[in-house]
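A.B. asks: Okay, handing you the structure first.
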Amino acid sequence: MIPLWMSIAVCGERRRFFRLWLPLFLLWLLLLPFAILALPVLAVLWLAGGRCALAKPIALWQMFASLRGTLIDIDHPDGSVFIRIV
Amino acid sequence: MSENRKQILDMLAAGKITADEAERLIAALERAPGGDSAGAPTARKPLPKYLRVVVEAEDDHGADTLTKVNIRVPFQLLRAGVKIANFLPPKARTQVNEALREKGVDFDLNQIKPENLDELIEQLQDTVIDIDHDRGRAKVKIFCE
């Protein structure tokens, strides 16, 4: 399933804290009209070239969609990084 | 009728075992986990979904400072990455293989295919790599969940 939100927290050397919460589901909503507009083009490409014509965009989409559940948590005395994609 | 029960009854009919022994064997079959369904395939464990890497290392700053790394990567992401790697031009793949070989990693990118990865994931189900280096100064644990 596509990722819905992403949480990033970075703590720098001088204890400067940066936190960001990204609602990815809003991004999908914004991209939805463009995806609908692109559907006829994709359909023509599919009919003309078969599945191979769309293999790269499908692979890229699969990679992006499979990010859900990724967790990166690095805690170092000089700084820390936390990334979570849900 | 299960295969095991049939074998017991065949042995009884052939006179190889007595009725008491057959009764005990059948009772033992029924008590065993899975009961009488010896012919049915055992339920397969679900495939793991994530690859976890957990590292704890003492920092050069001193024994009180620890560097901790906790990474969880979905296997779907690895599968998608393998599919994308197939789109790399052959020349780029050769260059990557050469660079890996220079670093002492004898690995061929051309051998990574989605079906190979699925087989690898299946084998990794029960694998846990636990490294305790230099008496606890660095611990690395790699497992699937």
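A.B. asks: Of the conditions (1) more than 12 Å from every other protein chain (Cβ to nearest Cβ); (2) open to solvent by less than 50 Å² (accessible area, probe 1.4 Å); (3) farther than 28 Å from residue B:145 by Cβ, residue A:28 clears all except one; give me its number.
C.D. replies: With respect to (1) more than 12 Å from every other protein chain (Cβ to nearest Cβ); (2) open to solvent by less than 50 Å² (accessible area, probe 1.4 Å); (3) farther than 28 Å from residue B:145 by Cβ, residue A:28 is out only on (3).
A.B. asks: Quick one: what pairs do we get from the range A:50-61, first residue under 15 Å from residue A:2 (Cα atoms) and at the interface with chain B (Cβ under 9 Å from one of its Cβ atoms), second of a type in the set (Val, Ile, Thr) and open to solvent by less than 100 Å² (accessible area, probe 1.4 Å), C-beta under 8 Å, 6+ apart or different chains?
C.D. replies: Listed by first residue and then by second, the contacts come to A:59/B:84; A:60/B:84.
A.B. asks: So, in the range A:6-65, exactly how many residues are part of a helix (DSSP H, G or I) and more than 25 Å from residue B:73 (Cα to Cα)?
C.D. replies: Qualifying residue count, the range A:6-65: 25.
A.B. asks: Let me ask another. Go over the candidates A:54, A:67, A:71 one by one and state the one that is out of contact with any Leu (no Cβ under 9 Å at 6 or more places or on another chain) and open to solvent by less than 80 Å² (accessible area, probe 1.4 Å).
C.D. replies: After ruling out the rest, the residue left standing is A:71.
A.B. asks: Among the numbered criteria (1) open to solvent by 90 Å² or more (accessible area, probe 1.4 Å); (2) of a type in the set (S, T, N, Q); (3) touching a residue at least 60 places away in the same chain (Cβ under 8 Å), which one does residue B:76 miss?
C.D. replies: Only one criterion in (1) open to solvent by 90 Å² or more (accessible area, probe 1.4 Å); (2) of a type in the set (S, T, N, Q); (3) touching a residue at least 60 places away in the same chain (Cβ under 8 Å) is unmet by residue B:76, namely (3).
A.B. asks: OK, next. For the range B:53-63, does any single residue satisfy the condition of being at pLDDT 85 or above and open to solvent by 60 Å² or more (accessible area, probe 1.4 Å)?
C.D. replies: The answer is yes; a qualifying residue exists.
A.B. asks: Let me ask something additional. Of the residues that make up the range B:83-95, is at least one hydrophobic (A, V, I, L, M, F, W, C) and away from every other protein chain (no Cβ under 14 Å)?
C.D. replies: Taking every residue of the range B:83-95 in turn, at least one turns out to be hydrophobic (A, V, I, L, M, F, W, C) and away from every other protein chain (no Cβ under 14 Å).
A.B. asks: Moving on. In the set A:23, A:77, A:40, A:33, which member is within 8 Å of chain B (Cβ to nearest Cβ), on the phi < 0 side of the Ramachandran plot and out of contact with any helix residue (DSSP H, G or I) (no Cβ under 9 Å at 6 or more places or on another chain)?
C.D. replies: A:77
A.B. asks: Of everything in the range B:79-107, what is at pLDDT below 75 and surrounded by 11 or more Cβ atoms within 10 Å (Cβ to Cβ)? Give them in sequence order.
C.D. replies: Correct list: B:107 only.
The values are calculated or read from the model by the stated rules, or taken from the named source; none is laboratory data. Everything numeric here is computed off the predicted structure, so don't read it as measured data. Neighbour counts run over all protein chains shown; Cβ positions are idealised from the backbone, glycine included. Surface accessibility is based on the protein's heavy atoms, side chains included, excluding ligands, DNA and RNA. Shrake-Rupley method; radii C 1.70, N 1.55, O 1.52, S 1.80 Å.
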